[in-house]
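Heads up, the thing below is written out as structure tokens.
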Amino acid sequence: MKNEGETTERPDNTAFTQQRLPAWQPILSAGIVIPGFVVIGLAFIGIGIGLFLTSQTIQVLEMDYTGVEKDSPCFRCTIPSLQNCTCEVTFSLSALFTGPVFFYYGLSNYYQNFRKYGVSKDYYQLAGDTQYFKSPQDVCSPYSHDSKKNPIVPCGAIANSMFNDTFELYQIINVTKKKVPLDGKGISWWTDYNIKYRNPSSVNGSFASAFDGTVKPINWPKAAYELDLTDPNNNGFLNQDFLVWMRRAALPQFRKLYRRITEGDYAAGLPAGNYALTVHYNYPVLSFDGRKKVVFSNVSWMGGKNDFLGIAYLVVGSLCLVMSVVMLIVYAKFKFSDDNDA
């Protein structure tokens, strides 16, 4: 006679619990594996060739303007006591830089993936909740209040360290400068602009009144509600440059989109000729041995220039073909040996 405990602990008598479900197990024979490796290898090599050749057609122009070298046009701007410094970087294009042209700023030795830095922001503030304007969350410390205990909006290390160099691009035509229009609309992620970040509601018809009783981040030259007074849709927490900066980079060397060149006489790209880039040098990087650069690039169906992706496909595809040859040799050797023994 069975105990009551044994009866209650016994699993149900079903095909699933008793492991009686029908199953299929592939039998990997040489006739399947070797051709499979060949097909995969050829496919990867074909994709790799396409990616690599496409990457070679993408134009990229990088210019370092940190100002470390004494012969750099921005060397004098590295003097800490010099405020509102402006320098000019010149360059030439021997052929058309095909548009649309994307204009990036780049930083190196800058660890935005550091954990304490990454969590140093108040999501409620950035969602437009004014309740947290006067009482920022503790994760923003030490950038939650200024020296006079006034709450900072937006608080946190990420917002406080926002990149604030600005640029103007000119084409030099017969000694005169023609300004190249830079388009800053829609450079941030759609989800950041339309979902993740929200501005607070205006108080008494004034957007700035929503920030009463708060102060701007310590390193900011102006408050959040003054980031773009000409366009309400690009002001406050919805400012495109602010949104681009708040999306942290994964690696210590990165670049972020600053503007696009898509308008007027430059819709087809930057014509061959001489150019001058005026840099309003504000962002210090020498204290942590960082570097600053500007990058001009265009894109293709695969995105930006990336030789590694094509090379990786070529390497994997070649390894698959080599392995298929090795397996064929091993199979032939042992298969024919078995036949001869028989």
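Here are some notes:
- Only one of the numbered conditions (1) in a loop (DSSP other than H, G, I, E, B); (2) out of contact with any Pro (no Cβ under 9 Å at 6 or more places or on another chain) is not met by Gln18, and that is (2).
- Subset of segment 137-184 that is among the charged types (D, E, K, R) and either in contact with a Ser or Thr (Cβ under 8 Å, 6 or more places away or on another chain) or not assigned by the TED database to the domain that holds Leu243 (or both) - its residue that is surrounded by the fewest Cβ atoms within 10 Å (Cβ to Cβ): Asp138
- Per the conditions (1) within 21 Å of the chain's Cα centre (by Cα); (2) open to solvent by 60 Å² or more (accessible area, probe 1.4 Å), the sole criterion not satisfied by Asp289 is (1).
- Taken as a whole, the structure places Arg76 among residues that are over 30 Å from Trp301 (Cβ atoms), open to solvent by 70 Å² or more (accessible area, probe 1.4 Å) and not in a loop (DSSP other than H, G, I, E, B).
- With respect to the conditions (1) open to solvent by less than 70 Å² (accessible area, probe 1.4 Å); (2) at pLDDT below 95; (3) not assigned by the TED database to the domain that holds Asn274, Ile32 lacks only one, and its number is (1).
- Each residue in segment 285-298 was checked for being in a loop (DSSP other than H, G, I, E, B) and not polar (S, T, N, Q), and 3 pass.
- Looking across segment 131-185, the residues that are among the polar types (S, T, N, Q) and more than 17 Å from Phe91 (Cα to Cα) come down to Gln131, Ser135, Gln137, Ser141, Ser144, Ser147, Asn150, Asn160, Ser161, Asn164, Thr166.
- Those residues of segment 149-169 which are over 19 Å from Leu126 (Cα atoms) and of a type in the set (A, V, I, L, M), in sequence order: Leu169
- Within segment 202-253, being among the hydroxyl-bearing types (Ser, Thr, Tyr) and crowded, with 20+ Cβ neighbours inside 10 Å holds for Thr214, Tyr225.
- Residue in segment 38-48 that is more than 17 Å from Asp289 (Cα to Cα) and at pLDDT below 95 present: no
- Of residues in segment 108-125 being more than 15 Å from the chain's Cα centre (by Cα) and assigned to a loop (DSSP other than H, G, I, E, B), the one farthest from Glu62 (Cα to Cα): Asp122
- Neighbours by Cβ (under 8 Å, 6+ apart or cross-chain): first from segment 105-124, in the same structural domain as Ile158 (by the TED database) and within 11 Å of Ala249 (Cβ to Cβ); second in a loop (DSSP other than H, G, I, E, B) and among the β-branched types (Val, Ile, Thr): Leu107/Val285; Tyr110/Val285
- Across segment 126-136, the number of residues qualifying as outside any loop (DSSP other than H, G, I, E, B) and buried (at least 19 other Cβ atoms within 10 Å of the Cβ) comes to 2.
- Here Glu62 fulfils each of the conditions (1) part of a helix (DSSP H, G or I); (2) of a type outside the set (Ser, Thr, Tyr); (3) modelled with pLDDT of 95 or more; (4) within 30 Å of Ala272 (Cα to Cα) apart from (1).
The values are calculated or read from the model by the stated rules, or taken from the named source; none is laboratory data. Just so you know, these numbers come straight off a predicted model, no measurement behind them. Every residue, glycine as well, gets a Cβ built from its backbone with ideal geometry; the counts of neighbours run over all protein chains shown. SASA here: full protein model, heavy atoms, side chains in, ligands and nucleic acids out. Shrake-Rupley method; radii C 1.70, N 1.55, O 1.52, S 1.80 Å.
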